[in-house]
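First comes the structure, then the notes that go with it.
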Amino acid sequence: MARLESRYVCGTCGATSLRWEGQCRSCGGWNTLVETAVERKPAAARGAPLAVPPATRLSDISGAESERIVVGMREVDRVLGGGLVPGSLVLLGGEPGIGKSTLVLAVAGAIAGSGDGRVLYASGEESTAQIHLRAARLGLTGSGAGDQIDVLAETAVERIVAAAEAAQPALLVVDSIQTLTADELDGPPGSVGQVRSAAARLQALAKEHAIPVVLVGHVTKDGSLAGPKTLEHVVDVVLTLEGERFSGLRLLRASKNRFGSTEEVGVFEMTGDGLSEVSDPAAAFLEPDSLGSPGVAVACTLEGSRPLLVEVQALVAPQVHGSPRRTAAGLDGQRLALLIAVLGRRAGLNLSSHDVYASIVGGLSVAEPAIDLPLAVALASALRDRPVLSGTVLCGEIGLTGELRPIQGLDRRLREAARLGFTRAIVPTRSGRGGDAGEAAQIELVRVATLREAVAACLAEARDRTAIAVGKAPVAGGVEA
Ligand code: TYD
Ligand code: MG
């Protein structure tokens with residue numbers, strides 16, 4: 001019979017060693033040895049003739065695997081692409097304290113309450129009493145869902161797998177992967193070898209019994225912790241829960257999804273009794289108090305198919321010492337540096353001797369190019385110390401010559417901005433069809449060709465508004481001439 005043993009295997013060249021060493025003896029790589037379970041086959045098995053595996057004709061494979069288990073939480077189903085796929089392994093990552101355990105318990109409760117079957121909730125982090133406390137906050141203990149959830153405080157992956165094989169639950173939750181240990185390895189829980197081995201066992205369980213498995217994994221701010229990064233290749237879906245720990249809003253994103261889009265986001269709010277789904281996500285990130293201050297611009301971003309209005313804030317201050325600081329939160333730091341250079345060279349706004357801070361309000365991070373224009377205008381507004389005209393939203397990508405590049409989904413963005421009471425949108429000249437967009441959205445459309453024009457259109461004094469010289473004169477109702 002094959003026996004599992006622990007070996008240290010080099011991740012670069014595959015050489016094995018009996019004990020851990022800092023440098024691989026074979027290829028000389030540093031820190032490449034990872035504890036791994038290897039199968040020692042008895043001598044007889046090694047010489048055995050190879051059995052030819054039967055392949056299945058593509059058209060004979062049933063598509064039943066793609067039937068989904070609808071969770072019943074709108075925002076979660078949206079991000080998953082319509083529900084959980086049986087037999088899939090889902091990793092939920094996020095910083096400690098962000099609300100992962102709360103979210104998975106709510107998912108467990110939703111599935112248990114829907115009558116799809118029992119849920120096995122295995123936790124290596126918390127005692128059953130602690131899980132009961134959280135379940136009480138979520139209102140699961142007094143409900144029928146509570147009767148359908150089995151809680152297991154356990155860290156040995158073999159025992160969790162055995163419990164799941166016996167119970168055949170509709171969902172297995174494991175919180176967290178970093179606490180699990182596999183029998184055959186000696187390394188501490190959370191080490192690369194342990195995490196990889198535990199994930200492989202759960203992956204096999206999921207596939208063999210068609211049980212969806214949700215794994216919780218911690219990630220630090222720089223995403224460096226062993227585990228989630230190693231795991232991304234093994235699992236089918238990677239979800240991340242993000243947000244500022246001290247603000248209530250949480251975003252759920254899929255960074256990998258074998259069964260759906262990776263662009264959709266779910267928006268939640270952490271409340272006293274669990275994570276609640278936000279009823280109007282588009283408006284959730286706006287803070288009416290700070291609108292109208294210098295350095296603030298409202299962006300209309302598109303996350304997947306969902307428009308979100310977000311506030312970009314910038315602060316510029318004379319440089320204190322050394323080289324000027326550039327600090328970005330929720331924005332790409334490289335992009336910030338580039339826009340500062342474009343503002344200086346193409347719009348006559350020099351920030352080279354200023355410290356610059358820029359952030360997105362509400363803990364959201366935005367990576368799409370359309371955030372360029374609102375960010376650049378927020379910087380200009382901060383430098384000139386003049387507010388952006390009220391009721392204005394912006395979106396547009398900025399090129400190196402200061403030209404505005406077209407963006408995707410203008411219609412959807414404009415409709416949402418108008419619904420939330422914005423009256424004026426500054427957009428790139430060549431964006432989308434746009435003509436009907438403004439009309440449908442009942443919003444004044446100001447099309448600009450360059451960053452310089454955009455700054456002039458946004459920061460003009462109210463009395464100068466009629467004199468704004470932009471590429472094409474805005475037409476009331478937004479219908480293009
Ligand atoms: P938790 O789910 O334990 O985070 P994670 O598993 O990601 O480490 O929740 C973290 C925080 O959420 C905790 O500080 C308390 C807070 N919280 C609420 O505000 N309301 C609630 O109903 C619950 C259960 C937790
Ligand atoms: Mg937790």
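The values are calculated or read from the model by the stated rules, or taken from the named source; none is laboratory data. On a predicted model such as this, the values are computed, not experimentally measured, just so you know. For the accessible areas, the whole protein counts, side chains as well, though only heavy atoms, and no ligand, DNA or RNA atoms are used. Shrake-Rupley method; radii C 1.70, N 1.55, O 1.52, S 1.80 Å.
Tabulated results
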item: Accessible surface ranking that places the most exposed of VAL34, VAL265 first, with a 1.4 angstrom probe; result: VAL34, VAL265
item: Per residue, in Å², the accessible surface of segment 288-358 once ligands and nucleic acids are set aside, probe 1.4 Å; result: 45 Å²
item: Share of carbon and sulfur in the accessible heavy-atom surface of the chain [1.4 Å probe, %]; result: 52 percent
item: Ellipticity estimate at 222 nm from DSSP helix runs (n ≥ 4, -39,500 (n - 2.57)) divided over the chain, nearest 500; result: -7500 deg cm²/dmol
item: With all protein chains modelled, accessible area of SER59 [1.4 Å, Å²]; result: 100 Å²
item: For segment 54-213: rounded, prolate or oblate by the Cα gyration tensor [a/c cutoff 1.5]; result: oblate
item: Residues of segment 379-426: accessible area per residue with a 1.4 Å probe, Å²; result: 40 Å²
item: Probe 1.4 Å - accessible area at HIS209, Å² to nearest ten; result: 50 Å²
item: Probe 1.4 Å, protein heavy atoms only - accessible area per residue of segment 149-209 in square angstrom; result: 38 Å²
item: Part-to-part distance (alpha-carbon centres) for segment 96-141 and segment 305-361, which is given in Å; result: 41 Å
item: Contact order normalised by residue count of the chain, Cα under 8 Å, 6+ apart, percent; result: 11 percent
